[in-house]
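Reading through the structure tokens given below for one structure.
What follows draws every value from the coordinates through simple rules; no lab data is involved. No experiment lies behind these values; they were computed from the predicted model shown. Glycine also receives a Cβ, built like all others from the backbone with ideal geometry; neighbour counts cover every protein chain displayed.
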Amino acid sequence: MAKKATKKATKKAKGARSAAKRPAIKRDALLAPIKGATMREIGGVLLEVVPAGNARVKRMIYPPGFKWSSAMKSIVGTDRCMHAHVGFLARGEIHIEYADGCIVEHKAPQIVAIDPGHEGWVVGSEPVVLIEFDFEADTVERLDMPSTHKH
């Protein structure tokens, strides 16, 4: 019996050593919950919002395969997204199309300024993470952006 106990103790010790050598599983800070944020999901998009003075800072996580017209059109009731988006594209790639035919591609890492009146979708198999700054309904006016895309 003493031999069995010794073998078990040796196995445990080896297991502890190999566990210590294994790399720690890293948590993706870009996707971790934001302290103090209001969180909700809309049309498959995870939205976290934190007030910042007179503005809001938002993290939006768009899943692979997301397309605005498929996911949001019936919820919002407009043909195109009528929000302005200003912020930092931290991960992924998005394709934006305006009613006038203008196409813009954004690939992380990149600062983005997207005018109202766009259709958009995630390109590829990686989620899009957009850190956005807005003033709710006053974003366009406060950031001096056009109310719709123009050349």
*What does the range 38-142 give for Rg and for Dmax, in Å, if only its C-alpha atoms count?*
12.9, 37
*Could you name the aspartates and glutamates whose alpha carbon sits less than 12 Å from that of LYS35, not counting residues in the same chain fewer than 8 places away?*
GLU48
_Two-site FRET efficiency, ARG40 against GLU93, from Cβ-Cβ distance with R₀ of 25 Å, rounded to 0.05_ = 0.55
*Determine, from the Cβ-Cβ distance of VAL50 and VAL123 and an R0 of 30 Å, the FRET efficiency 1/(1 + (r/R0)^6), rounded to the nearest 0.05.*
0.65
*Order by neighbour count: MET72, MET39, fewest other Cβ atoms within 10 Å first, most last.*
MET39, MET72
_Please compute the length gained on full extension between ALA113 and ILE75, using 0.36 nm multiplied by the number of residues separating them and subtracting their Cα-Cα distance._
11.3 nm
*Rank these for me by crowding, MET60, MET82, going from fewest to most other beta carbons within 10 Å.*
MET82, MET60
